[in-house]
Amino acid sequence: MAEIPRIRDYQGKRIHLIGIGGSSMSGLAEMLQEKGYRVTGSDRDHGYLLEALEEKQIPVTVGHRAENVHGADLIVYSAAIRPDNPERAEAERLGIPAMERAWLLGQLMEEYPRAVGICGAHGKTTTTAMLSQILMDNGKDPGIHIGGRLDAIGGSTRVGHGDIFVAEACEYNRSFLHMPPKIAVVLNIDADHLDCYRDLDEIEETFGKYLSLLPEDGAVIGNGDDPRVRRQAEKQACRKAFFGIQPDNDWYPMHLREDENGTASFDLVHRGETAASVTMNVPGIFNALNAIAAIAAACELGVQPADAARSLAAFRGVHRRFEKTDEIDGVEIFHDYGHNPAEMRNALSIARKRCRNGRLIAVMQPHTFSRVRTLFQEYLNCTEEADITLVTDICAAREKDPGDLNSGMLTEGMRKNGISAFWTPSFQDTEDWLRAHWQPGDLVLTMGCGDINRLNDQIHEHEAEKRKQP
């Protein structure tokens with residue numbers, strides 16, 4: 001195996017990012033630019049993240065072409081970029097050093113003595129954002145890398161000047177094994193990314209390998225209600241703290257309640273003593289659990305629980321997490337990044353509470369053929385809280401269409417389960433269906449981590465054009 005380049009050796013030189021439009025890669029591009037590197041990049045499609053990079057004067061190219069890497073000193077590529085990608089192949093032909101995204105993030109984290117990795121199948125982005133806001137509000141000046149855009153930092157990254165770095169640690173392609181933490185927060189262990197794992201047991205085993213990277217004076221903060229998390233955390237020699245709903249955890253809520261919009265409040269108990277009164281500003285019991293994890297991590301970093309709770313009272317969430325994008329014809333339109341059945345269920349549970357005077361219409365963009373194939377049965381009932389489900393074509397992302405799986409098979413299975421489901425292949429098909437059928441009081445929720453957010457943008461743009469007409 002070729003020696004991994006060290007990013008510090010390329011100060012002031014040109015770093016070219018292949019797949020720069022991804023949520024993590026775009027954030028790394030901004031961080032590298034702020035640290036004094038010359039950054040360029042390319043991606044298959046144009047999207048809102050590329051627009052944000054262009055606003056920061058980072059040159060980006062739409063389309064992967066060999067000439068894009070000419071003149072680059074170092075190549076960074078995302079896990080979705082295969083060896084036969086024309087830019088990656090050209091870089092190898094020319095002998096340009098290259099490394100995968102996770103190696104870069106791990107090297108950036110090494111510059112901070114107290115690196116915090118937040119991992120789990122669900123909730124990483126929100127919990128990372130919660131902890132980041134707590135730390136900033138309490139004078140900790142952290143470095144930050146989030147897989148989403150947080151208004152409090154004006155994007156997805158922040159170059160801190162303290163000793164703390166907070167980052168999402170993703171298990172896809174075992175990326176987090178390149179990001180050694182001082183503190184690890186484990187939110188859950190669930191079946192996902194089964195295109196690169198044999199089964200759930202192998203996923204759990206890999207989380208255990210990640211936790212084994214912790215030093216003896218480090219700490220693991222784990223979801224004690226998840227038996228897989230607890231089992232792997234208990235094996236570690238470092239400090240351990242467990243959070244969850246159940247009172248056998250170190251951190252748990254008492255008097256947990258939700259208002260009519262699903263926003264939670266509770267008294268937070270730490271080892272038998274009430275530590276803080278928490279009132280959330282984002283809905284969902286799962287977000288209350290994310291908040292407890294964030295407070296527990298903040299406490300490990302020297303923030304008092306009551307101070308952390310005050311920050312969370314003002315936390316408004318991350319873009320693309322149950323984000324309202326429009327209200328048209330008396331219909332509220334939201335978008336959520338949830339892309340596997342468990343996350344879609346969570347998003348719809350929030351939407352169901354909010355939608356009291358009309359129908360809840362779920363719009364799902366399934367993400368990757370491998371995920372749909374391995375979680376097929378779960379997809380068939382994950383939208384049961386909705387009154388109507390629309391399913392667009394599968395977003396292939398890093399994969400090729402195998403030819404034997406499509407969204408029509410999903411909607412057929414949904415209907416057999418009693419769900420009112422329709423296959424609307426394109427975004428235009430979906431918008432046409434919505435405009436023909438929605439009624440005042442309805443709530444539309446689009447869901448997916450591909451480019452389904454463009455549907456919301458498209459609806460907004462078409463409505464703006466419509467209103468301009470005399």
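Coordinate-derived values only; no laboratory data. Source: prediction; values computed, not measured. Virtual Cβ from ideal backbone geometry, glycine too; neighbours counted across all protein chains shown.
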## Note on the structure
Number of Lys pairs in the range 323-468 closer than 29 Å at Cα, excluding neighbours under 8 places apart unless interchain, is 5
### Task
Name the shape class, rounded, prolate or oblate, that the alpha-carbon gyration tensor gives for the range 7-100, where a ≥ b ≥ c are the square roots of its eigenvalues, rounded holds for a/c under 1.5, and otherwise prolate holds if a/b is larger than b/c and oblate otherwise.
oblate
### Message
Tell me the net charge near Ala52. Cut-off is 9 Å between Cβ atoms, Ala52 excluded, with +1 for each Lys or Arg and -1 for each Asp or Glu.
### Response
-2
### Message
Which one, Met344, Thr128, Pro305, projects farthest toward the positive side of the charge dipole computed for the chain from Cβ point charges (K/R +1, D/E -1)?
### Response
Pro305
## Note on the structure
Taking r as the C-beta separation of Arg398 and Arg467 and R0 as 56 Å, the FRET efficiency to the nearest 0.05 is 0.90
### Message
Could you tell me the calculated FRET efficiency between Ile245 and Glu378, based on Cβ-Cβ distance and R0 = 30 angstrom, to the nearest 0.05?
### Response
0.85
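Express the C-alpha Rg of the chain as a ratio against the empirical globular expectation 2.2 N^0.38 Å, rounded to two decimals.
For the chain, the normalised Cα radius of gyration is 0.97.
Averaging sequence separations of C-alpha pairs under 8 Å and six or more residues apart, then dividing by the length of the chain, give the relative contact order as a whole percent.
10 percent
Under the definition of Cα pairs under 8 Å and six or more residues apart, what whole-number percent is the relative contact order of the range 1-70?
For the range 1-70, the relative contact order is 30 percent.
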### Extreme residue, positive dipole direction of the range 7-100, given options Val69, Gln11, Gly21 (C-beta unit charges)
Gln11
#### Entry: Rounded Å value of the spacing that divides the Cα centres of the range 311-326 and the range 386-402
25 Å
### Message
Suppose a student asked you for the relative contact order of the range 194-274, using Cα pairs under 8 Å spaced at least 6 residues apart; what percent would you report?
### Response
19 percent
### Whether the range 112-313 is rounded, prolate or oblate, judged on the alpha carbon gyration tensor where a/c under 1.5 counts as rounded
rounded
### Query
In nm, to one decimal, how far is the Glu54 label point from the Arg6 one, both placed 7 Å along Cα→Cβ?
3.8 nm
### Summary
Partner lysines whose C-alpha sits under 23 Å from that of Lys140, ignoring same-chain residues fewer than 8 away, are Lys35, Lys124, Lys182, Lys240
### Message
Among Leu256, Ala362, Gly117, which residue has its Cα furthest toward the positive end of the charge dipole of the chain, with +1 on Lys/Arg Cβ and -1 on Asp/Glu Cβ?
### Response
Gly117
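Would you work out if the range 402-442 is rounded, prolate or oblate? Take a ≥ b ≥ c from the square roots of the eigenvalues of the alpha-carbon gyration tensor; rounded if a/c is under 1.5, else prolate when a/b is larger than b/c, oblate otherwise.
Since a/c reaches 1.5 but b/c is at least a/b, the shape of the range 402-442 is classed as oblate.
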### Query
To the nearest 20 debye, what is the magnitude of the charge dipole of the chain about its Cα centre, counting +1 on the Cβ of each Lys and Arg and -1 on the Cβ of each Asp and Glu?
540 debye
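Dividing the alpha-carbon radius of gyration of the range 323-468 by 2.2 N^0.38 Å (N being the number of residues), what value is obtained?
0.98
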### Message
I'd like the distance separating the alpha-carbon centroids of the range 96-164 and the range 406-440, in whole Å.
### Response
38 Å
